[in-house]
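The values are calculated or read from the model by the stated rules, or taken from the named source; none is laboratory data. As the structure is a prediction and not an experimental result, all values here were calculated from the model. Glycine also receives a Cβ, built like all others from the backbone with ideal geometry; neighbour counts cover every protein chain displayed. Surface areas here come from the heavy atoms of the whole protein model, side chains and all, with no ligands, DNA or RNA. Shrake-Rupley method; radii C 1.70, N 1.55, O 1.52, S 1.80 Å.
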Amino acid sequence: MDPTTDNAGSSGSARSSLESLRTEISKAVVGQDPAVTGLVVALLCRGHVLLEGVPGVAKTLLVRALAASLELDTKRVQFTPDLMPSDITGSLIYDARTTEFSFQPGPVFTNLLLADEINRTPPKTQSSLLEAMEERQVTVDGTPRPLPEPFLVAATQNPVEYEGTYPLPEAQLDRFLLKLTVPLPSRQDEINVLTRHADGFNPRDLRAAGVRPVAGPGDLEAARTAVAKTSVSPEITAYVVDICRATRESPSLTLGVSPRGATALLSTARAWAWLTGRDYVIPDDVKALALPTLRHRVQLRPEAEMEGVTADSVINAILAHVPVPR
């Protein structure tokens with residue numbers, strides 16, 4: 001067998017499996033396709049996701065349904081003001097029988113960690129996730145302990161209630177590959193949600209809702225290999241750099257996108273190109289992922305914020321003005 005053909009076949013099979021995730025997750029979650037796609041892109045890029053939306057728009061259910069569709073382990077941590085770092089990473093427990101200390105893993109030892117309302121816990125506990133997100137390990141008592149693979153943190157925050165919260169510092173925001181907004185459903189989608197509940201849908205029992213694994217870690221690894229081979233022309237690389245440099249020169253911003261953000265945009269554009277069936281990146285791929293990849297990496301000037309300017313509007317204006325390569 002021609003190995004090139006074999007690789008193309010496994011890549012196509014992985015793409016088909018990941019495309020079917022949307023259909024499978026829709027059995028539990030109605031009308032959140034962009035968020036589903038964003039989570040898949042993050043998994044392909046080995047990145048993490050910040051989910052922003054008001055309570056009750058199915059953020060938790062979305063992550064649980066994704067884990068069930070991918071046959072991955074998932075755990076949820078409710079972030080509260082009294083949460084300690086060891087409550088996330090784990091700690092050493094004294095065993096009276098052996099008179100030794102043994103490591104008790106925390107909830108971070110999973111594939112999909114849902115960090116619910118991450119901005120409700122103090123910075124010390126927030127920062128305990130940094131090593132896990134960046135290094136794929138946690139260090140307890142000087143011993144590094146690797147996390148399972150794949151590993152993704154999906155952190156949620158409420159965009160309308162800030163009393164008693166601890167806003168994420170810029171350094172930690174920059175560690176999230178994507179910031180996805182989870183909007184309120186349309187009228188028809190909300191009718192569909194209520195109809196499902198009236199028919200007996202139980203969000204705590206995804207198996208009864210018909211959610212089944214349609215892909216697995218093997219498909220994900222094959223997909224990641226294929227994404228890494230997606231070609232990027234010098235013109236596209238320059239286009240990404242020009243967009244990010246334009247944010248640093250925007251009069252509406254005090255903080256623009258860093259080189260890490262530019263690298264993130266290139267990675268997400270490659271993943272999107274592959275998901276849409278191409279082995280090369282075009283400008284539309286960059287535009288499609290610019291908002292979720294960059295919106296949390298810029299900081300508005302107070303006067304611009306008072307005038308109703310948003311991060312999204314600034315990025316959209318930059319996309320409209322930066323020359324597109326032909």
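Couplings for region 183-189, taken from phi via the Karplus curve 6.51 cos²θ - 1.76 cosθ + 1.60 with θ = phi - 60°, read x, 5, x, 5, 4, 5, 5 Hz in order; Gly and Pro are left as x.
Can you give me the orientation-averaged projected area of the convex hull built on the Cα atoms of region 136-236, in nm²?
Working: hull surface 51.9 nm².
Hull-based average projected area comes out at 13.0 nm².
Placing +1 on each Lys and Arg Cβ and -1 on each Asp and Glu Cβ, with no other charges, gives the chain a dipole about its Cα centre of roughly 340 debye. Net charge near E134, counting Lys/Arg +1 and Asp/Glu -1 over other residues with Cβ under 13 Å of its Cβ? Computed value for this residue: +1.
Bridge orientation summary for region 76-217: considering DSSP beta bridges with both residues in this region, about 60 percent are antiparallel. For region 78-224, what is the accessible area per residue in Å², given a 1.4 Å probe and the full set of protein chains? Per-residue value: 52 Å². What percent of all Cα-Cα pairs in region 1-142 falls in each 10 Å bin, counting up from 0? All Cα pairs, binned at 10 Å, distribute as 10, 33, 29, 18, 9, 2 percent. If you take the Cα centroid of region 234-278 and the Cα centroid of region 105-135, the two points sit 26 Å apart. Here's the picture: charge each Lys and Arg Cβ at +1 and each Asp and Glu Cβ at -1 in the chain, and of V153, P234, G261 the one pushed furthest to the positive end of that dipole is P234.
Dipole magnitude for region 96-169: about 200 debye, using +1 per Lys or Arg Cβ and -1 per Asp or Glu Cβ, origin at the Cα centre. How much of the DSSP beta bridge set in the chain is antiparallel, as a percent to the nearest 5? The answer is about 40 percent antiparallel. Springs between Cα atoms under 10 Å define the GNM used for the chain, and in it the highest mean-square fluctuation of G277, G38, G90 occurs at G277.
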